[in-house]
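One structure is given here, and the rest of the page talks about it.
The values are calculated or read from the model by the stated rules, or taken from the named source; none is laboratory data. Every value quoted in this text rests on a predicted model; they were computed, and no experiment measured them. Don't worry about glycine lacking a Cβ; one is built from the backbone with ideal geometry, like all the others, and counts go over all protein chains shown.
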Amino acid sequence: MSSDASRPSAIDAPSIVDLFAGPGGLDVAAHWLDVPVAGVEWDDNAVATRKKASLNTWHSDVRDLGPWNFPDANVLAGGPPCQTFTVAGAGAGRRALDVVLALVAMLDNGRAAEVKEALSQMEDERTGLVLEPLRWALSALDDERPFEAIVLEQVPAVKPVWDAYAAVLRNRGYGVDVGILRTEEFGVPQTRRRAILIARLGAEVSLPAATHRPYRKGVLRNMGAASLRPWVPMAEALSGRGDFDVISNYGSGGISTARGRRSSDQPAFTVTGKISRNKVVCRVTGEVGRFSPSEAGQLQTFPADYPWSGGDIAQQIGNAVPPRLAAHVLSAALGMDQPSETFLADAVRSSWRDQVRGTTELVPVA
């Protein structure tokens, strides 16, 4: 792992509570970094995957719990549901943005009961869930057991909320950094942008530096800053598929019939819950197929044998944070060295089954 003189000191014995933990993207990264994590998740399907993956799981609603339920956790993480904020959704979150920002200010001023009442009147209750990590953080501060680090991720439209969070946390002694990270700049074979917040109590903190070049249409992957690695194409992640083209389920430029198209020597489109609808066309035979759950998961940098279970697996995969990105973000927040390319490549290629069995070395998937 590489060192970074600007990072804060490492947290002694970090232990994470992860809100809205989903099928385990952050958990996988934490496992690679040898950091214990307890995930809170209410969705039955995601919980089925988590159980198969042997992840520590509370099958609960985050609104029914608080930091007092996790007295050993000194790191708070969370990726609240994004459907109401995402460009692909109906937009309830974007319309409610001003309301959400006002509610952040109310939580900051100790008016939690009024916030709870306001949330009950929202157009889509999922929108209000974006406030839960702040409730947990402020509750921990009130109990004089503050989290030493906080890590949050969401779609880019939520960045104004994270900026509001940052102001609240800075006033309470946290160093905070907020920004938009591109997943292909961290070795994920997919173009995906995420709004990230990291915070450290009593210390300045910075988002991780990119390790790979950004993807630009028409720009070869070997072009760009010599200090950065080339972005990773789908063909590298799915080496057994041969040459193929992907026709996206989404339209391009707002035209539903103008389907986006990428070849296997490019990164994937953003992996969403609709990835099972994307057409995968073999360049040699013209045969049309679909990505398997394993392949879709690999485009998110889950190990190939990750045990996707339950229903709505495509949605589970699309909702997850890519473990490779999560490993970089967690390392920055916890004061660890930035993971090396060799370490992460080995982790992604290794068998998850053998990792959770306690194998001392990362074992490649057969």
Would you mind finding the one in Arg357, Arg262, Arg290, Arg283 that is closer than 26 Å to Leu228 by Cα and surrounded by fewer than 22 Cβ atoms within 10 Å (Cβ to Cβ)?
-> Arg262
Return the residue satisfying two criteria in turn: it lies in the range 116-146 and is in contact with a strand residue (DSSP E or B) (Cβ under 8 Å, 6 or more places away or on another chain) and in contact (Cβ under 8 Å) with a residue 60 or more places away in the chain, and of such residues it is surrounded by the fewest Cβ atoms within 10 Å (Cβ to Cβ).
-> Glu132
Residues being touching a residue at least 40 places away in the same chain (Cβ under 8 Å) and over 21 Å from the mean Cα position of the chain (by Cα) - total across the range 271-324 | 3
Pick from Glu144, Glu236: which is among the acidic types (Asp, Glu) and closer than 30 Å to Ala105 by Cβ?
-> Glu144
Condition set of a type in the set (D, E, K, R) and over 18 Å from the mean Cα position of the chain (by Cα), scope the range 164-180, selection nearest to Ala333 (Cα to Cα): answer is Arg170
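Is at least one residue of the range 4-22 charged (D, E, K, R), modelled with pLDDT under 95 and surrounded by 15 or more Cβ atoms within 10 Å (Cβ to Cβ)? Steps first, please.
Let us first name the residues in the range 4-22 that are charged (D, E, K, R), namely 4, 7, 12, 18.
With modelled with pLDDT under 95 added as a condition, the list becomes 4, 7, 12.
Okay, now just the ones that are also surrounded by 15 or more Cβ atoms within 10 Å (Cβ to Cβ), so 4, 7.
The answer is yes, given that some residue of the range 4-22 is charged (D, E, K, R), modelled with pLDDT under 95 and surrounded by 15 or more Cβ atoms within 10 Å (Cβ to Cβ).
Please work out if Gly187 is crowded, with 20+ Cβ neighbours inside 10 Å, among the small types (Gly, Ala, Ser) and touching a strand residue (DSSP E or B) at 6+ places or on another chain (Cβ under 7 Å). Lay out the reasoning, then the answer.
Working: crowded, with 20+ Cβ neighbours inside 10 Å: yes; among the small types (Gly, Ala, Ser): yes; touching a strand residue (DSSP E or B) at 6+ places or on another chain (Cβ under 7 Å): yes.
Against the criterion (crowded, with 20+ Cβ neighbours inside 10 Å, among the small types (Gly, Ala, Ser) and touching a strand residue (DSSP E or B) at 6+ places or on another chain (Cβ under 7 Å)), Gly187 qualifies.
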Out of contact with any strand residue (DSSP E or B) (no Cβ under 6 Å at 6 or more places or on another chain), of a type in the set (S, T, N, Q) and at negative phi: does that describe Asn278?
-> no
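Quick one: is Arg172 without any contact (Cβ under 8 Å) to a residue 60 or more places away in the chain, more than 18 Å from Phe20 (Cα to Cα) and not aromatic (Phe, Trp, Tyr)? Step through it out loud before you land on a result.
Values: without any contact (Cβ under 8 Å) to a residue 60 or more places away in the chain: yes; more than 18 Å from Phe20 (Cα to Cα): yes; not aromatic (Phe, Trp, Tyr): yes.
Yes; evaluated as a whole, the condition is true for this residue.
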Inspect all residues belonging to the range 57-70 and state whether any of them is part of a loop (DSSP other than H, G, I, E, B), over 22 Å from Val100 (Cβ atoms) and touching a helix residue (DSSP H, G or I) at 6+ places or on another chain (Cβ under 8 Å).
-> no
Of the candidates Ala195, Ala209, Ala203, Ala225, the one satisfying the condition of being among the hydrophobic types (A, V, I, L, M, F, W, C), modelled with pLDDT under 95 and over 26 Å from Gly311 (Cβ atoms) is Ala225
Within the range 83-127, residues closer than 16 Å to Val62 by Cβ, touching a Pro at 6+ places or on another chain (Cβ under 9 Å) and modelled with pLDDT of 80 or more come out as none
Scan the range 21-41 for residues that are among the acidic types (Asp, Glu) and in a strand (DSSP E or B) and jot them down.
-> Glu41
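Every residue, every condition in (1) at pLDDT 95 or above; (2) in a helix (DSSP H, G or I); (3) among the aromatic types (Phe, Trp, Tyr), yes or no:
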position: Ser276; (1), (2), (3): no, yes, no
position: Val284; (1), (2), (3): no, no, no
position: Phe291; (1), (2), (3): yes, no, yes
position: Gly297; (1), (2), (3): yes, yes, no
position: Asp305; (1), (2), (3): yes, no, no
position: Ser309; (1), (2), (3): yes, no, no
position: Gln316; (1), (2), (3): yes, yes, no
position: Val321; (1), (2), (3): yes, no, no
Return yes or no: is Val188 in contact with a helix residue (DSSP H, G or I) (Cβ under 6 Å, 6 or more places away or on another chain), farther than 30 Å from Gln266 by Cα and touching a residue at least 40 places away in the same chain (Cβ under 8 Å)?
-> no
So Pro323, is it within 22 Å of Ala21 (Cβ to Cβ), surrounded by fewer than 24 Cβ atoms within 10 Å (Cβ to Cβ) and in contact with a Phe, Trp or Tyr (Cβ under 8 Å, 6 or more places away or on another chain) = no
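Yes/no per residue for (1) under 20 Å from Gly79 (Cα atoms); (2) outside the structural domain of Leu325 (by TED's automatic domain parsing); (3) not polar (S, T, N, Q):
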residue	(1), (2), (3)
Ala113	no, no, yes
Glu117	no, no, yes
Leu131	yes, no, yes
Ala137	yes, no, yes
Asp143	no, no, yes
Val176	yes, no, yes
Thr183	yes, no, no
